[in-house]
Amino acid sequence: MTAAVLDHDSADAHEEHPTSLRIDSRKLAIWTFIGSECLFFAALITTFVIYRNSHATGPGPKDVFEVPLVTAGTAVLLFSSFFVVMALNGAQEGNRKKLLLWLSLTVLCGCFFVGMQVYEFTGFMHKGMGYSTNLFATSFFTLTGFHGTHVAIGTLWLGTLLKDAYKGRIPPNKALNLEIAALYWHFVDVVWIIIFPVVYLMSLFAK
Amino acid sequence: MATAALDPAHATSPKRSVLVDWLTTVDHKKIGILYGASAFIFFLIGGLEAEVIRLQLMKPDTHLVSPEFYNQLFTMHGTTMIFLAVMPISAMFFNFFVPLLIGARDVAFPRLNAMSFWVFLLGGLFINASLLMNAAPNGGWFGYAPLSSRQYSPGVNMDFWALGLQILGIASLAAGVNFFTTILNMRAPGMTLMRMPMFVWSVLVTQVLVLLSFPVITIALVMLTADRNFHASFFSYNVAGGDPMLWQHLFWVFGHPEVYILIMPAFGIVSEILPVFSRKPLFGYSAMVFSMAFIAFLGFGVWSHHMFATGMGPLADSFFSLMTMLIAIPTGVKIFNWIGTLWGGSLQFKTPLYFALGFIAMFIMGGLSGVMHAVAPADLQQTDSYFVVAHFHYVLFGGSIFSLTAGAYYWWPKMFGRMLDEGLGKVHFWLMLIGFNLTFFPMHFVGLLGMPRRIYTYPSGLGFDGYNMASTIGALTLGVGFLVFIYNVIRTWRTGAHAPADPWGGATLEWAIPSPPQEWNFAVEPTVTEKDALWAMKRAAGVKVLPEPPLVSGKGIHLPSPSWWPLFTSFGILIFMVGIMVKGETHGFPFGPISVFGVLLTAFSIFKWSYQPVDHPTSH
């Protein structure tokens, strides 16, 4: 009916407004973005695999990689994924202490990982492996550099949320703010779970 | 009942200057108009470049422009038409009509939508600024390595190209996330996926293509930028072992989905127009949906048919040949369904239908030469010749541009509240149809005779002369056709008849609301019970045309607030990219102070944006 199209008595504020898929649009959007990012990292990882053995000039994987250091970084990143789940749980329960504790730990893990990469990259420079030394180096730095940038952005994001949480701005009905960041954080971790074996372990144990 | 007609002061946000209003708008309709206006100007620039190219090729041994400038012309023509004309003109329709067609008040993320537009505009201006410096991109629109490397393209030309496309990619990806979410999540009650208008389906499929293909070109462009500016050698064949083929693979993994990004919205527009002007529903709705999805799916498995001439070997050639031929099946399904829609319909010969019919005919011809390219041995003969130029203009001009023009005539009344002149519209159509075929049909012959694409000039006596003369006359005819369109727009602006809400007897929800729509689109969210929602409402009311909807008060309706931050974020992104180019001339740390400033501005703007409240009631 035309009246049905035009009739209008009170405003329906869109907060209460159910979405078509009954999922918050921001959550759907971050999933969509993550889907797109998969292709982003797929292109980077593929390029690295193609150029992994292109180190006729300068050092190769076996000359520079320090697996214990990176294993530590990997572990820290994996734990942070668990920590952020605990923080989200705290936010949903309205448990401010729990939220602050676990979110702080997550941010610390993020900082540690970025610091680990800076340390690792500095070490590579000292061993004579610059960005353009050879294609192995270039594709390694491009891939892990982009991943590190993602971690840094995630850390910054979670740090901002930590500030909000400290000021009491993440009540249970706004836990979604943290959940979205957490989804991104998990994705960044998952990418590292692929990078660690493909880039470090397989390059070392290849012929 | 409907609230009484209202004083027009409520129709616009008061106490804001017009300029500020447009710079900070988050209204999807205004953003749509901004997209359309900017893209049309870019389209005219790209068209002008094409006319100069045709004048240069009109006769043998011509030296109208220098060879160096000619390289810039064809590169900029291709880049402009694809990224700055067809994509954003499609985006105009996405923006203006997707929310209206699904019965929503706006897109899911209005400010992100504004950012997409500003990033697009700044990216487009950035690429075109190169023309003023006589340093426009000159390596062809697909920027093949190693020609695009610093060694063979020493100027900043290809930096403008790589960084400009990078900027445009950000706009497309942001819009991709936004429209994918909007379509899935903002539909009016009862608008199930299989009740969505076909145009909305085409936009959904397009966004999937954008989301999965643009990340790959992003990486390819990062690598190209690294090669050119940071001494990397991803694509340079040298001692380090870089491989130019990697560029081709990465580019076409993006590039082939990209051509479907250009044509899918065209499919959607034509699928809206044909039912309305045939007075019967779209034939084979679900087959249309699935064939579109199938085309998109196959579109990711055919990229190497652009690379038959590189010698990939018989296995790869066969695979990509067969996959490419397979695409003819869903495409054929679509064409037969369009014809099935027309069949037995009560055809209303208005301008939009003319252009839609032109689309079908021209697109079939482009599709047929496409199948010829799918045959790898034949492609070896055709590749890089004018035959290819003929083919992709039949699908991109005969396909996309015809359909987008049809859409412009169809939706103009809804966008601006005035009817474009029918007589001038038909003059435009005939000039365009004749001019188009006169330009591009001879290119098939001259291509098979051996004229290479992108050639600066040619000697006489090779049998090229007549065909090229015909093409140039055709191109000028096309130009006249668009001048008629511009005249039509100007005349309509001043004296055009006011459009009713539903001038065509439309089938979809946008025709239920006033022309042009009020800021909040639907005062009350419509409820949808079946496909062709408006036709269903008319049937239920037992009328052919619903009574003219009155203007209503927007009091109390929550609308997203205007914001400066999308614009500032866009400037941050632009400054970052400019910084890379400026710094790219020197050695050392890749990011100079300009880039750092760009990053900081972007981060600051996003931060402020995040803490800005989303919406406000229109009541004051």
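Details
- Ranking A:Asn89, A:Pro197, A:Leu183 by how far each Cα lies toward the positive end of the dipole of the stretch A:24-205 (charges on Cβ) leaves A:Asn89 at the top.
- The stretch A:35-92 shape via C-alpha gyration tensor axes, a/c threshold 1.5: oblate
- Computed from the Cβ-Cβ distance with R0 of 45 Å, the FRET efficiency linking B:Met245 to B:Val582 stands at 0.90.
- Cβ crowding within 10 Å, taken as a proxy for footprinting-reagent exposure, orders A:Lys163, B:Lys29 from fewest neighbours to most as A:Lys163, B:Lys29.
- For the stretch B:330-413, Kirkwood radius (reciprocal of mean inverse C-alpha pair distance, Å): 14.0
- Extension gain, B:Val20 to B:Phe319: 0.36 nm times the residue separation minus the Cα-Cα distance gives 102.2 nm.
- Pairs from A:Lys163/B:Lys30; A:Lys27/B:Lys538; B:Lys350/B:Lys544; B:Lys30/B:Lys538; B:Lys29/B:Lys544; A:Lys163/B:Lys608 whose Cα-Cα separation, in the structure shown, is over 25 Å: A:Lys163/B:Lys30; A:Lys27/B:Lys538; B:Lys30/B:Lys538; B:Lys29/B:Lys544
- Using all pairs of distinct alpha-carbon atoms, the Kirkwood hydrodynamic radius of the stretch A:24-205 works out to 17.2 angstrom.
- In order through the stretch B:277-289: 3J(HN,Hα) via Karplus (6.51 cos²θ - 1.76 cosθ + 1.60), integer Hz, x for Gly, Pro: 8, 9, 6, 8, x, 4, 6, x, 3, 5, 4, 5, 4
- Per-residue shielding of B:182-189, expressed as the average number of other chain Cβ atoms within 10 Å of the residue Cβ, stands at 5.
- The stretch B:329-398 versus the stretch B:592-610: alpha-carbon centroid distance in Å: 45
- Summing Cβ point charges (Lys, Arg +1; Asp, Glu -1) relative to the Cα centre of chain B gives a dipole of roughly 1120 debye.
- Residues B:Met581, B:Met158, B:Met198, arranged from fewest to most other Cβ atoms within 10 angstrom of their Cβ, appear as B:Met581, B:Met198, B:Met158.
- Residues of type lysines that B:Lys555 reaches as a straight line, Cα spacing below 19 Å, ignoring anything fewer than 8 places off in the same chain: B:Lys15
- Span from the the stretch B:494-521 Cα centroid across to the the stretch B:197-268 one, whole angstrom: 38
- Nearby lysines by direct alpha-carbon distance to B:Lys334 (threshold 20 angstrom, same-chain neighbours under 8 apart not counted): B:Lys280, B:Lys531
- For the pair the stretch B:523-556 and the stretch A:49-118, the centres of their Cα atoms are 54 angstrom apart.
- Among residues other than B:Ala145 with Cβ under 13 Å from its Cβ, the summed charge is 0 (Lys and Arg +1, Asp and Glu -1).
- Selection from B:Ala540, B:Phe522, B:Trp511, by position along the positive dipole direction of the stretch B:510-556 (Cβ): B:Ala540
- Estimated dipole of the protein assembly as shown in Debye, rounded to 20 [Cβ of Lys and Arg +1, of Asp and Glu -1, Cα centre]: 680
- Kirkwood hydrodynamic radius (C-alpha pairs) into Stokes-Einstein, the protein assembly as shown, 4 °C and 1.567 mPa s, D in µm²/s: 46
- Neighbour-count order for A:Lys98, A:Lys62, fewest beta carbons within 10 angstrom listed first: A:Lys62, A:Lys98
- A:Leu69-B:Leu132 FRET efficiency (beta carbon distance; Förster radius 45 Å; 0.05 resolution): 0.35
- Across peptide B:216-225, the average count of Cβ atoms from other chains found within 10 Å of a residue's Cβ is 4.
- Average other protein chain Cβ within 10 Å of Cβ, residues A:31-41: 6
- About the Cα centre, charge dipole magnitude for the stretch A:24-205 (Lys/Arg +1, Asp/Glu -1 at Cβ), debye: 480
- 13 Å beta-carbon shell around B:Val489, net charge (K/R +1, D/E -1): +2
Every read-out reported here was derived from the displayed coordinates using simple, explicitly stated rules and does not represent laboratory data. On a predicted model such as this, the values are computed, not experimentally measured, just so you know. Note: ideal-geometry Cβ built from the backbone for every residue, glycine included; neighbour counts use all protein chains shown.
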